[in-house]
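The values are calculated or read from the model by the stated rules, or taken from the named source; none is laboratory data. Only a predicted model underlies this, so the values are computations on that prediction, with no experimental measurement involved. Cβ placement follows ideal geometry from the backbone for every residue including glycine, while neighbour counts extend to all protein chains displayed. Quick note on the areas: whole protein, heavy atoms, side chains included, nothing else; ligands and nucleic acids left out. Shrake-Rupley method; radii C 1.70, N 1.55, O 1.52, S 1.80 Å.
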Amino acid sequence: MKLPPRLCDGRQRVVVLALRPEVDGGRYPIKRVLGEPLDIEADLLADGHDVLGAVLLYRHESGADDQWTEVVLEPQGNDVWRTSIELGTLGRYYYTVLGWVDNFATWRQGFDRKVAAGNEVMLELLEAAQQIEAAERRAPSSDRGLLLEAAHVLRGSAPVAARIRAATAPVLAATMTRLADRSRASRFRRELEVIVERPLARCSAWYEMFPRSTGHGGRHGTLRDAEARLDYVAELGFDVVYLPPIHPIGHAFRKGPDNSPTAGPSDPGSPWAIGAAEGGHTSVHPELGTLADFDHFVAAAHERRLEVALDIAFQASPDHPWVREHPSWFRARPDGSIQYAENPPKKYQDVYPFDFESDDWEALWEGLRDVFLFWCGRGVRCFRVDNPHTKPIGFWEWCIRAVQQAHPDTLFLAEAFTRPKLTYALAKSGFSQSYTYFTWRTTKPELTKYLEELVQTDVVEYFRPNFWPTTPDIFPEHLVHGGRAAFVSRLVLAATLSSAYGIYGPAYELMEREPRTGAEELARNEKYQLRAWDLDRPDSLRHVIARINRIRRDHAALHANRFLRFHPTDNDLVLCYSKRTADRRDVILIVVNLDPHHTHAAWIDLDLDDLGIAADETFQAHDLVGGAHYLWRGGRAYVELAPDVMPCHVLELRRFARTENQFEYFL
């Protein structure tokens, strides 16, 4: 009979069953940002009752394959081991776990029992001496003296009590643990990966604007005009100013207003129809200015602590130079024409998709990668990628890694309104943030279920949601009829449910809400025509937006999503949730009236344990939006929200600390 092969050295008794976090069996990396803890947990055991030792091994991709940093894993009970680290360099790290039987600790465990029982322990002392002598032979010179002295005492003629004291000395135990024999250690089956990005990848507020609509008197705006609007964007408190494509726009099949198939001589066309005689993806539309003007815009944004994000749309107008230079990069139809983009019933005759099944696919991949590298060379480190779900997952995995190897601080936002698993696959492939279905989640059950999926499952390890109430392509029905209260409540939901969010402005703060007939889009869509915006209109939401963004910046609880928790209310039109820091020093409670037309009240049942508040404790709820202060006690609280006043509370929960003569807030 043929015997099965041995799977390992039979003397390796430790089994590492699992290592967490892990995505798809280690196929994809998890994600963290600088300063964010990485909590590692392993299931690690051996037969019998021997004492085990275990360490986490991790290294940065820039180091040698054998340059590991070790951190001790601590047992938590039930064969679970845990530790936490912070990773201080951008880029990719590898981590795994090593476990072994700690022979000296195992000896010590039995020895202590025998001593306590009054048993004879002479042989046990000799066993310890043998282990100490073996450790001395593999120890550095700094430890050898202590070990030799301990072995000498254990083998010597000193009284038994003195030898027992020497054998159980804490310094000896610590040294033997550090020098434990790992020759039969077991290692987790693979090295897992974690990508470390800038904190902006986790927490950021994005403002989208069309530079061409920043002109005056109906004139096409330039990058210099757009630069003049940066103070306004900074005043609103955003971190990122995001520009739709700034490249030359094709003339062939140029679209007119509201995607009309016929354009007039003065119609500017869609910025997503990229490429003309003046250039393609690495050129600037002549009416916007020059590359020098763009450089000036980026520098001006950085002076205002704003990042510039560019929209990268991998498609081409029929006039793009690549159509002539690389015809094999596009798909030809049987009649010899090139297949244009379609999303029935919409037709985009002004846009040619790339053919990723081309025989020249390697050159295509490299050409598209070089677009990112070109703009990185001009100071751009944030990219919003248009429709990445229509390009191969393997391309993104390769391209994003290549760009981040050259520029580790580069961030990618995936604009992929598609199937959930495909959305998640793009995030796994390397996208730093992702658009979501938030735009269409409006009811309390919908919002609760969706957010719990995003932040309370393993999705949180690789998917960072970026919530947008609207986009130039999408204007949902609830904002058409909801009025000012709907715009405010959706703003607050986006900005506080997710640590990353964005708005399409100035349309949002000016509450633009006339829909285009038969489409989930705004009429007079800025994608196809210039718009003039009155930023100083008295009904603008600019001051509300600035207040919300200031609250976001001031409160670390809103800088992450892991501690988002929902709290029950007795009214399905009132949503209540909280965010906090890990140490609970900053706790924010948000209550939103989901009905923009009527006042609603509700009793809230707070999870005080999660909030770090005792059941009988009095605490203050300070409304950071309206300025009111409330004293609450216990886990039940009453709220009432009138949408025509303010449809939400954003409450800072402040506990009291007693001093000698007064109470003070924990801030």
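Please state which one of Ala300, Ala309 is assigned to a strand (DSSP E or B) and either in contact with a Pro (Cβ under 6 Å, 6 or more places away or on another chain) or within 26 Å of Leu200 (Cα to Cα) (or both). After applying the criteria, what remains is Ala309.
Of all the criteria given as (1) open to solvent by 20 Å² or more (accessible area, probe 1.4 Å); (2) in contact (Cβ under 8 Å) with a residue 40 or more places away in the chain; (3) more than 39 Å from the chain's Cα centre (by Cα), the one not satisfied by Ala167 is (1). Restricting attention to the stretch 559-568, does a residue exist that is closer than 30 Å to Ile613 by Cα and open to solvent by less than 10 Å² (accessible area, probe 1.4 Å)? The answer is yes; a qualifying residue exists. Checking Asp355, Asp409, Asp386, Asp335 one by one, the residue that is farther than 28 Å from Ile474 by Cα and in contact (Cβ under 8 Å) with a residue 24 or more places away in the chain is Asp409 and no other. Taken as a whole, the structure leaves Leu368 outside the set of residues that are under 14 Å from Ile312 (Cβ atoms) and either β-branched (Val, Ile, Thr) or open to solvent by 10 Å² or more (accessible area, probe 1.4 Å) (or both).
Across the stretch 431-457, the qualifying residues are those that are among the aromatic types (Phe, Trp, Tyr) and buried (at least 21 other Cβ atoms within 10 Å of the Cβ), and the one among them that is nearest to Ala201 (Cα to Cα) is Phe431. Just one of the numbered conditions (1) closer than 23 Å to Arg178 by Cβ; (2) over 26 Å from the mean Cα position of the chain (by Cα); (3) surrounded by fewer than 16 Cβ atoms within 10 Å (Cβ to Cβ); (4) not hydrophobic (A, V, I, L, M, F, W, C) is not true of Ser84; which one? For Ser84, the exception is condition (2). Only residues that are within 17 Å of Asp605 (Cα to Cα), aliphatic (A, V, I, L, M) and more than 20 Å from the chain's Cα centre (by Cα) were counted in the stretch 537-581, giving 3. Would it be correct to say that Phe330 is touching a residue at least 40 places away in the same chain (Cβ under 8 Å), open to solvent by less than 50 Å² (accessible area, probe 1.4 Å), among the hydrophobic types (A, V, I, L, M, F, W, C) and over 23 Å from Leu530 (Cβ atoms)? Against the criterion (touching a residue at least 40 places away in the same chain (Cβ under 8 Å), open to solvent by less than 50 Å² (accessible area, probe 1.4 Å), among the hydrophobic types (A, V, I, L, M, F, W, C) and over 23 Å from Leu530 (Cβ atoms)), Phe330 does not qualify.
Suppose we filter the stretch 310-368 for residues that are aliphatic (A, V, I, L, M) and out of contact with any strand residue (DSSP E or B) (no Cβ under 8 Å at 6 or more places or on another chain); how many remain? The number of residues fulfilling the criteria is 3. Tell me whether the stretch 192-212 contains one or more residues that are in a helix (DSSP H, G or I) and closer than 16 Å to Pro506 by Cβ. Within the stretch 192-212, one or more residues are in a helix (DSSP H, G or I) and closer than 16 Å to Pro506 by Cβ. No other residue among Lys428, Lys391 is at pLDDT 95 or above, among the basic types (Lys, Arg), closer than 17 Å to Arg464 by Cα and buried (at least 17 other Cβ atoms within 10 Å of the Cβ) apart from Lys428. Across the stretch 509-531, which residue is nearest to Pro257 (Cα to Cα) among those that are at pLDDT 95 or above and among the hydrophobic types (A, V, I, L, M, F, W, C)? Once the filter is applied, the top-ranked residue is Leu530. Residues in the stretch 645-667 that are open to solvent by less than 90 Å² (accessible area, probe 1.4 Å), assigned to a loop (DSSP other than H, G, I, E, B) and at pLDDT below 95 were compared, and the one that is nearest to Tyr577 (Cα to Cα) is Phe666. Among the candidates Val488, Val455, Val480, Val460, the residue that is without any contact (Cβ under 8 Å) to a residue 40 or more places away in the chain and not polar (S, T, N, Q) is uniquely Val480. With respect to the conditions (1) touching a residue at least 40 places away in the same chain (Cβ under 8 Å); (2) within 15 Å of Ala500 (Cα to Cα), Thr443 falls short on a single one, namely (2). Every listed requirement among (1) surrounded by fewer than 24 Cβ atoms within 10 Å (Cβ to Cβ); (2) under 21 Å from the mean Cα position of the chain (by Cα); (3) over 30 Å from Leu19 (Cβ atoms) is met by Tyr528 save one, (2). In the stretch 46-68, of all residues being out of contact with any Leu (no Cβ under 7 Å at 6 or more places or on another chain) and part of a strand (DSSP E or B), the one that is farthest from Tyr95 (Cα to Cα) corresponds to Gly53.
The number of residues in the stretch 35-47 being surrounded by fewer than 17 Cβ atoms within 10 Å (Cβ to Cβ) and under 16 Å from the mean Cα position of the chain (by Cα) comes to 3. Among the residues making up the stretch 251-290, those that are among the hydrophobic types (A, V, I, L, M, F, W, C), part of a loop (DSSP other than H, G, I, E, B), open to solvent by less than 40 Å² (accessible area, probe 1.4 Å) and out of contact with any Gly (no Cβ under 6 Å at 6 or more places or on another chain) are Ala252, Trp272, Val284, Leu288.
Entry remark, the stretch 117-151: residues being touching a residue at least 24 places away in the same chain (Cβ under 8 Å), out of contact with any Leu (no Cβ under 8 Å at 6 or more places or on another chain) and not in a helix (DSSP H, G or I) number 1 in total.
Considering the conditions (1) out of contact with any Gly (no Cβ under 8 Å at 6 or more places or on another chain); (2) modelled with pLDDT of 95 or more; (3) open to solvent by 10 Å² or more (accessible area, probe 1.4 Å); (4) not acidic (Asp, Glu), Leu172 is excluded by exactly one of them, (3).
Identify, please: which residue in the stretch 335-360 is out of contact with any helix residue (DSSP H, G or I) (no Cβ under 9 Å at 6 or more places or on another chain) and hydroxyl-bearing (Ser, Thr, Tyr) and is, among those, modelled with the lowest pLDDT? Restricting to residues being out of contact with any helix residue (DSSP H, G or I) (no Cβ under 9 Å at 6 or more places or on another chain) and hydroxyl-bearing (Ser, Thr, Tyr), the top hit is Ser337.
Does any residue of the stretch 230-248 turn out to be of a type outside the set (Lys, Arg), buried (at least 20 other Cβ atoms within 10 Å of the Cβ) and more than 33 Å from the chain's Cα centre (by Cα)? Looking for residues that are of a type outside the set (Lys, Arg), buried (at least 20 other Cβ atoms within 10 Å of the Cβ) and more than 33 Å from the chain's Cα centre (by Cα), one finds none in the stretch 230-248, hence no.
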